[in-house]
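Step one of this worksheet: look at the structure below.
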Amino acid sequence: MRRINWIVESTGKATSRTTQSALLVARATLAAKSAVMLIALALPAVLTTPSFAASQEWRVVPGADGTEVVFESKAPMESFEGKTKQLDGRIALDPAALGDSIIVSVAVDLASLDTGIALRNQHMRENHLETETFPRATFTGARLAGFPSTLSAGKTVKGKAHGTFDLHGVSRPVEVEAELTLRPDGKLAVRATFEVFLEDYEIDRPKFLMLKLDEKQRITVDLLADPAS
């Protein structure tokens, strides 16, 4: 009898443990389903908040009038500029809630940069920017600081934009002095200026006439973006 009682008790304990495990699994499954339902219910509300639903988008078209990037290189006895109009990208923002909504993604075709001298262009592309390996530079972001909260048609606003600049295979955070103008025709004009230190992007400093250029390069970007259709 003792042996039979022990078997019964043991079986009862085992059954009890199995039941407890099943309950735990059921509770975990219910919790997971509840979390999914909450996310599903919350997502439409997030996507229809003013900062998302009211956002407008503009396209940066390569070669367009009003679009150009210029870098300025200096040395004690020689300075020059490199220019290109080959930029593309998109800008999205809500003019009624400027600081909450801006998204920027702009790329530059580095192989198209022109310094005015063919041989210098070749040296810059092959020996310094290495455009066959790193054909594009990109800016993505952005977090705004110092801008007003709204952008009205025909007005220009100024402030700083924080984003990520990718050049020569290196990505680094940058702070940009920026101006935004929403033109009456609906186009968005942007001017951005910032400085790049070649060493930060693992670029050898170009040397012309035995004089090395300044480590610091000044970049000016002008964009005239069309409303996205």
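The values are calculated or read from the model by the stated rules, or taken from the named source; none is laboratory data. Keep in mind the model is a prediction, meaning the values are calculated, not measured. Cβ sites come from the backbone with ideal geometry, for glycine too, and all protein chains shown count toward neighbours.
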Residue check, Met37 at pLDDT below 90 and not assigned by TED's automatic domain parsing to the domain that holds Lys160: yes
Residue within segment 94-101 that is at pLDDT below 95, crowded, with 17+ Cβ neighbours inside 10 Å and touching a Lys or Arg at 6+ places or on another chain (Cβ under 9 Å) present: yes
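For every residue, the table says whether it meets (1) on the phi > 0 side of the Ramachandran plot; (2) hydrophobic (A, V, I, L, M, F, W, C).
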{"residue": "Ala142", "(1), (2)": "no, yes"}
{"residue": "Thr150", "(1), (2)": "no, no"}
{"residue": "Lys155", "(1), (2)": "no, no"}
{"residue": "Ala161", "(1), (2)": "no, yes"}
{"residue": "Pro173", "(1), (2)": "no, no"}
{"residue": "Phe194", "(1), (2)": "no, yes"}
{"residue": "Glu199", "(1), (2)": "no, no"}
{"residue": "Glu202", "(1), (2)": "yes, no"}
{"residue": "Arg205", "(1), (2)": "no, no"}
Top-ranked residue in segment 164-196 [being small (Gly, Ala, Ser) and under 24 Å from His128 (Cα atoms); ranked as surrounded by the fewest Cβ atoms within 10 Å (Cβ to Cβ)]: Gly169
Strands (runs of 3 or more DSSP E) enclosed by segment 140-202 - at least 2 residues per element that are in contact with a helix residue (DSSP H, G or I) (Cβ under 9 Å, 6 or more places away or on another chain), in the same structural domain as Ala96 (by TED's automatic domain parsing) and of a type outside the set (Phe, Trp, Tyr): 156-167, 170-182
Failed condition for Ala142, given (1) touching a Leu at 6+ places or on another chain (Cβ under 8 Å); (2) crowded, with 16+ Cβ neighbours inside 10 Å; (3) modelled with pLDDT under 95: (1)
